[in-house]
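A quick write-up on the structure given underneath.
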Amino acid sequence: MSRQLTIAIDGPSGAGKSTVARSLAARLGYIYIDTGAMYRAVALKARERAIAPGDEDRLARLASEISISFVSKGEEIRVFCEGEDVTEAIRLPEISRLASEISKERGVREALVQKQREMGSKGRVVLEGRDIGTVVFPNADVKFYLDADIEERGRRRFNELVQKGVQVDFEETLQEVKQRDREDMARVHSPLRKAEDAVVIDSTSLSVEEVVEEMARIVEERMKGFDLGVTN
């Protein structure tokens, strides 16, 4: 029987991690866990409960206590928090900005990392985020770092929001992506960085299908290696 792998996909905002991870998980028959959505869910609930971004104690308690789950509906993944479907609400620009702020808090990260490890403890999972291969699952069986040109990432984020009916300006969206990069890479706790053993894939000029195909090829090679007792 083939080993049940843990697959980590990290990378900056707009690189296409969520779409690729969801497609890869569906192809492999694995469970997809969107860790970024978990931070967004905490941000949404923090705003609803008027918890300030700098109130680490209350934010950490909130992150630890609230329930977050993912439900598959065909190829679509819905995000539920406290029993409420928050899939669309957590993608609004203001929630993205707040999620970036609260993700700096050590207590929040520790609480969500614990939840993520519990979700992925048995393997057969694809997790994506910014610190999966470096902090959450440093011993993941396969690690990817998905990147893309900053202009392309800004364009993707802009198109995503427009398709959802959100009125946004491209230049403003691009600046927000750049700001998110700076914050994610500079934060003290679990900064965005490439794991030393991660396979880097530049998705700038690649389609989702092409990225997933390359990842699936690498995963299948790794599976064969484990079956043969070869791990390098």
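Okay, here's what the table says:
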item	result
Under-5 Å amide H pairs with ASP149, H placed in peptide plane, nonlocal only	THR204
Table column - 3J(HN,Hα) (Hz), the range 183-200, Karplus curve with 6.51, -1.76, 1.60, x for Gly and Pro	5, 5, 7, 9, 5, 6, 9, 6, x, 5, 7, 7, 5, 4, 9, 7, 8, 8
Cα shape, the range 153-232, gyration tensor, a/c 1.5 rule	oblate
Approximate spin-label separation GLU56-SER69, in nm, with each point projected 7 Å along Cα-to-Cβ	3.2 nm
C-alpha long axis of helix 17-28 to longest principal axis of the chain, angle in °	40 degrees
Nitroxide proxy distance, nm - points 7 Å out along Cα→Cβ at ARG3 and ARG217	2.2 nm
3J(HN,Hα) from dihedral phi, the range 144-161, Karplus parametrisation 6.51/-1.76/1.60, rounded to Hz, x for glycine, proline	10, 10, 9, 10, 6, 4, 4, 5, 5, 5, x, 5, 5, 5, 4, 5, 4, 5
Spatial separation of Cα centroids for the range 5-22 and the range 66-103, in angstrom	16 Å
Extension gain, ARG193 back to ARG97 (0.36 nm per residue minus Cα-Cα distance, nm)	32.6 nm
Cut-off under 5 Å, modelled amide H: who pairs with ALA198 long-range	none
Highest-first arrangement of 205-218, 101-114, where packing means the average Cβ count within 10 Å	101-114, 205-218
Surrounding net charge for ARG153, when Lys and Arg each add one and Asp and Glu each subtract one, Cβ distance under 13 Å	-3
Residues SER121 and GLU209, FRET efficiency given R0 of 35 Å [Cβ-Cβ distance, rounded to 0.05]	0.70
Per residue Cα convex hull volume in Å³ - calculated over the range 135-195	111 Å³
Label-to-label distance, nm, for residues given as VAL162 and THR19 (7 Å Cα→Cβ offset)	1.3 nm
Share, in percent, of DSSP beta bridges within the chain that are antiparallel, nearest 5	30 percent
Hypothetical label at ASP149: residues of the range 187-210 whose amide nitrogen lies under 14 Å (7 Å Cα-Cβ projection)	202-207
Cα-only Debye scattering, the chain: base-10 log of I(q)/I(0) at q = 0.13 Å⁻¹	-0.75
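Throughout, read-outs are computed from the coordinates displayed, never taken from laboratory work. Small disclaimer: the values here were computed from a predicted structure and weren't measured. Ideal geometry is used to build each Cβ from the backbone, glycine not excepted, and the neighbour counts take in all protein chains shown.
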